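A.B. asks: Dropping a structure here in structure tokens format, bear with me for questions.
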Amino acid sequence: MLAKVRSAAVVGVDAVPVEIEVNAGGGDPKAVVVGLPDTAVKESIDRVWTAMINSGYAPPRGRTTVNLAPADLRKEGPIYDLPIALGALLACGAIVEGRAGVAAVGELALSGEVRRVRGVLPIALGARAAGWRTLLVPPENAEEAAVVEGIDVYPVDTLRDAAEFVAGALDIPPLRLDPAQRFSDGWQIPEDFADVRGQEFAKRAFEVAVAGGHNLLAIGPPGTGKTMLARRVPSILPPMTLEEALEVTKIHSIAGTLASHQPLVTLRPFRAPHHTISDAGLLGGGTHPMPGEVSLAHHGVLFLDELPEFHRNVLEVLRQPLEDGFVTIARAAASVTFPCRVMLVAAMNPCPCGYYGDPRRECRCSPLQIQRYRNRISGPLLDRIDLHVEVPAVRYNELAGLERGEPSAAIRERVVAARRLQQERFSDSPGVHCNAAMRARDVQRFARPDADGQEVLRMAVSELHLSARSYDRILKVARTIADLEGSAGVAARHVSEAIQYRYLDRQVWT
């Protein structure tokens with residue numbers, strides 16, 4: 001007897017419908033799985049048969065063939081345990097189908113318990129796109145799937161509950177969630193810029209960077225607050241939209257970093273990988289490609305502390321994703337694409353010992369050591385960082401003072417107002433969401449400075465020997481400074497401030 005149950009496979013960040021066909025017939029008692037399964041799927045037969053027995057059902061006695069269609073798409077992971085079990089029960093007549101068109105995902109324990117799996121949110125979105133209306137999921141994944149409107153999500157604790165539901169003998173209420181009510185308030189972020197003593201210039205630079213979505217590099221001796229500033233960036237980021245939250249949650253669901261019973265990632269991600277990370281860990285990869293840190297930071301912040309300590313090849317592979325906003329991982333069988341629209345924040349010391357240029361501590365590094373240290377970061381990568389900011393040592397009176405700095409709430413108001421101006425400006429420019437993403441024609445249209453500003457920029461280009469990309473970066477940052485001020489045009493003062501944020505181009509180290 002032949003039975004069919006719906007399921008899905010995750011490819012990249014999207015789901016592809018998969019049909020589980022189970023045929024139970026006569027012959028020797030043997031079960032085979034076909035349809036390009038990986039090892040975890042092949043092993044599912046032992047788990048499924050044991051779970052059926054412990055749930056009070058007799059597995060098929062003769063030869064059983066399980067086909068996962070389409071056969072040319074590789075099937076990975078234990079998510080097919082539950083649909084295979086339901087198909088086997090229908091095929092051998094243990095249950096009679098009372099509800100047609102049921103889709104299911106879930107791993108089975110030997111006891112018959114339905115365990116949590118990865119990628120349920122993209123599967124729910126794919127099920128809705130395919131026109132399916134009923135989806136059985138593990139209880140720990142139920143909230144994640146229920147944020148998708150237009151499909152009924154049923155959490156099932158055990159294989160017996162799922163089987164009785166398919167047979168129509170058990171009624172389970174579908175889980176309903178209002179995604180808008182699940183958004184957290186951004187003010188709940190504990191880190192606040194008010195805790196940072198001094199560093200007014202650096203705090204202004206971070207505000208400009210966040211307001212325009214610009215990449216930033218903080219340079220200074222150890223202990224000056226570079227990491228402290230970077231970890232407070234999420235407190236001034238604008239809140240995520242529902243569409244952005246769904247994109248971020250899909251990636252974290254696929255990577256398995258979504259917390260149990262968590263429906264959405266509602267705060268912008270902040271990822272800070274260690275400098276020993278590999279290129280596959282940063283960009284994603286593996287035999288079965290998974291998203292890396294840069295994709296897990298999508299719509300958020302990727303913080304790279306001690307930037308020169310990262311392997312050179314790891315930093316170089318960042319260049320294209322920073323420019324394009326996505327990363328493509330190619331394999332012999334197929335290629336997958338993960339989004340990675342991030343704000344890069346990096347920090348570094350000015351030299352190997354960390355005290356070059358510090359008036360209080362003597363630098364022990366030779367000029368050659370300093371140059372080699374600096375050369376660990378290539379010019380093309382630095383060109384993709386809009387702001388290079390010096391973070392000097394904090395004076396004692398600033399550290400010992402009782403006065404707190406400006407709170408994140410006040411900075412965030414200005415950032416949100418500037419982002420709102422950019423959304424209105426780029427409403428007719430697909431793919432451009434902030435000043436940092438402007439294309440060349442957008443720069444000419446929206447960021448062209450007045451006559452005085454052009455003269456300041458001409459002098460800077462001739463004296464600092466700026467590249468064409470650096471020229472564009474300065475104009476983009478100047479446009480953001482003007483937005484924070486509420487100015488319609490870009491003036492000379494905006495250009496001058498933008499140039500001050502090109503610390504490395506001003507050749508301070510030489």
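Bear in mind these aren't lab numbers, they're just calculated from the coordinates by the rules spelled out. Please read all numbers here as calculations on a predicted model, not as lab measurements. Cβ sites come from the backbone with ideal geometry, for glycine too, and all protein chains shown count toward neighbours.
A.B. asks: In angstroms, what radius of gyration and Dmax does the range 28-79 have, counting Cα atoms only?
C.D. replies: Cα only, the range 28-79: 11.7, 35 Å (Rg, Dmax).
A.B. asks: Rounded to the nearest whole Å³, what is the per residue volume of the convex hull around the Cα atoms of the range 1-140?
C.D. replies: Here the figure is 99 Å³ per residue.
A.B. asks: In percent, what relative contact order does the range 19-78 have, based on Cα pairs under 8 Å that are 6 or more apart in sequence?
C.D. replies: RCO, the range 19-78: 58 percent.
A.B. asks: What is the distance, in nm, between label points placed 7 Å from the Cα along the Cα-to-Cβ direction at E406 and at R360?
C.D. replies: Simple spin-label model gives 2.5 nm for this pair.
A.B. asks: For the range 379-400 and the range 84-144, what is the centre-to-centre distance using only Cα atoms, to the nearest Å?
C.D. replies: The distance from the Cα centre of the range 379-400 to that of the range 84-144 comes to 52 Å.
A.B. asks: Still on this structure, please answer the following. Loop by DSSP (not H, G, I, E, B), at most 11 other beta-carbon atoms within 10 Å: where is the longest site-free stretch of the chain for GluC sites (Glu not before Pro)?
C.D. replies: 150-361
A.B. asks: Determine ³J(HN,Hα), in whole Hz, for all residues of the range 440-446 in sequence, where each value follows from phi through the Karplus function 6.51 cos²θ - 1.76 cosθ + 1.60 and θ = phi - 60°; x replaces Gly and Pro.
C.D. replies: Taking θ as phi minus 60°, the curve returns 4, 5, 5, 4, 5, 7, 10 Hz for the range 440-446.
A.B. asks: Multiply the residue separation of E398 and R99 by 0.36 nm, subtract the distance between their alpha-carbon atoms, and state the gained length in nm to one decimal.
C.D. replies: Contour length minus the Cα-Cα distance gives 100.7 nm.
A.B. asks: Go through the range 404-509 and name the trypsin sites (Lys or Arg not before Pro) that are in a DSSP coil and have 14 or fewer other Cβ atoms within 10 Å of their Cβ.
C.D. replies: Sites meeting the loop and neighbour criteria: R404, R439.
A.B. asks: What's the extension gain from R133 to A440 if we count 0.36 nm per residue and subtract their Cα-Cα distance?
C.D. replies: Length gained between R133 and A440: 106.0 nm.
A.B. asks: Can you list the lysines whose alpha carbon is less than 22 Å from that of K42, not counting same-chain residues fewer than 8 positions off?
C.D. replies: Cα-Cα hits under 22 Å: K4, K30, K75.
A.B. asks: Give me the distance in nm between label points sitting 7 Å out from Cα along the Cα-to-Cβ direction at A109 and A259, one decimal.
C.D. replies: The modelled label-to-label distance comes out at 2.2 nm.
A.B. asks: Further question on the same structure: Distance from a point 7 Å along Cα→Cβ of D46 to each backbone N in the range 74-94: keep the residues under 19 Å and list them by number.
C.D. replies: Counting backbone N atoms under 19 Å from the label point, the list is 76-82, 84-85.
A.B. asks: Follow-up. Please work out the Cα center distance from the range 192-262 to the range 440-501, rounded to the nearest Å.
C.D. replies: Each part's Cα centre sits 25 Å from the other's.
A.B. asks: Quick one, what does Rg over Rh come out to for the range 128-254 if you take C-alpha atoms and the Kirkwood Rh?
C.D. replies: 1.20
A.B. asks: The chain: percent of C-alpha pairs farther apart than 44 Å?
C.D. replies: The answer is 29 percent, as a whole percent.
A.B. asks: How many times 2.2 N^0.38 Å is the alpha carbon radius of gyration of the range 359-449? Before the final figure, lay out the partial values.
C.D. replies: Values: Rg = 20.1 Å, N = 91, 2.2 N^0.38 = 12.2 Å.
Against the compact-globule rule of thumb, the ratio is 1.65.
A.B. asks: What is the list of residues in the range 244-275 whose amide nitrogen lies under 15 Å from a point 7 angstrom out from the Cα of R331, following Cα to Cβ?
C.D. replies: Backbone N within reach: 255.
A.B. asks: Any idea what % of Cα-Cα pairs in the range 87-147 are farther than 15 Å?
C.D. replies: Numbers: 1018 of 1830 pairs.
Of all Cα-Cα distances in the range 87-147, 56 percent exceed 15 Å.
A.B. asks: Mean shadow of the range 228-337, computed from the convex hull of its alpha carbons, in nm²? Provide the component values of the computation, followed by the final result.
C.D. replies: Working: hull surface 31.8 nm².
One quarter of the hull surface, i.e. the mean projection, equals 7.9 nm².
A.B. asks: Same structure again: Suppose each label sits 7 Å from its Cα in the direction of the beta carbon; what would the R74-E149 distance come out to in nanometres?
C.D. replies: About 3.7 nm separates the two model spin labels.
A.B. asks: If you don't mind, another one. Based on alpha-carbon positions alone, could you give the equivalent ellipsoid semi-axes of the range 58-213 from the gyration tensor, as √(5λ), descending, whole Å?
C.D. replies: Ellipsoid half-lengths, sorted descending, are 45, 17, 15 Å.
A.B. asks: Counting only other residues whose beta carbon sits under 9 Å from that of A211, what net charge do I get with K and R as +1, D and E as -1?
C.D. replies: On the way: positive: R414, R419; negative: E207, D483.
Every neighbour counted, the sum reads 0.
A.B. asks: Identify all lysines with a Cα-Cα distance to K203 below 24 Å; exclude those on the same chain that are fewer than 8 residues away in sequence.
C.D. replies: Straight-distance partners of K203: K226, K476.
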